[in-house]
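Written below as structure tokens is the structure these notes are about.
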Amino acid sequence: TYLQILGIQGDYFIAQGVSDDEMSHKKEPFQFQLCGLAPASPCHAEAMLAEVSSAGKGRYVGDPSHKYEHTETNGGGRGYGGGRHGEEKCDKVNEEKGLPTTVHTIVKEVSVVPRSASIKSPHGLVQTNGSFEGLSSSETGKLKGFLHFTEPQNLKKKSILEMADLDPSINFVDPLS
């Protein structure tokens, strides 16, 4: 996956690689800058997402050391939350910490593949389907011809009868429709 994130003073160029299992073993993103190739901080997206989303609002500057700050003031007196009037909570996040979370979120939301382009082996590995030659022109215009290439959310909710018509080697992720 290649991605460019535009900053105010500089840009980030991201390349993300995959291993044998294209779905679950994605390599950490790398940021390309004029000074060379540097691995980005490891992304533990679910844990960092709340922290980064509260403090890291606004555009990227292009400097990994740039810090975003978000100060929240508790407006009420002692009451339901038990907090005191005027307490401030300050969250600080630098771009280097926020960048992997942003990349993870973008890749998770926009990873789309044509149906049958990837297959799941009996051992659970997801790989490119070597015999895939593309979608027909009629399938190309329909959303059901494309799959959201992330861990399935809706597929797990289907009944056994609905799952009986699906090929588990091809239908292992959610369709876009």
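See the values below:
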read-out: Share of carbon and sulfur in the accessible heavy-atom surface of the range 112-165 [1.4 Å probe, %]; value: 56
read-out: Once the Cα gyration tensor of the range 112-165 is diagonalised, semi-axes √(5λ) in Å; value: 20, 16, 11
read-out: Taking the range 112-165 and dividing mean pair separation by its residue count, relative contact order in percent (alpha carbons under 8 Å, at least six apart); value: 37
read-out: Amide H within-cut-off set for THR150, under 5 Å, with H built and near neighbours excluded; value: ASP174
read-out: For SER121, net neighbour charge (Lys/Arg +1, Asp/Glu -1) across residues whose Cβ lies under 15 Å away; value: -3
read-out: Surface per residue (accessible, 1.4 Å probe) for the range 112-165, Å²; value: 73
read-out: Amide H partners (placed H, <5 Å) of ASN94, local residues excluded; value: TYR68
read-out: Distance violations [Cα-Cα > 29 Å] among LYS120/LYS142; LYS92/LYS156; LYS97/LYS158; value: LYS92/LYS156; LYS97/LYS158
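The values are calculated or read from the model by the stated rules, or taken from the named source; none is laboratory data. Values in this document were obtained by computation on a predicted structure and should not be read as measured data. Cβ: placed from backbone, ideal geometry, glycine included. Neighbour counts: every protein chain shown. Surface areas here come from the heavy atoms of the whole protein model, side chains and all, with no ligands, DNA or RNA. Shrake-Rupley method; radii C 1.70, N 1.55, O 1.52, S 1.80 Å.
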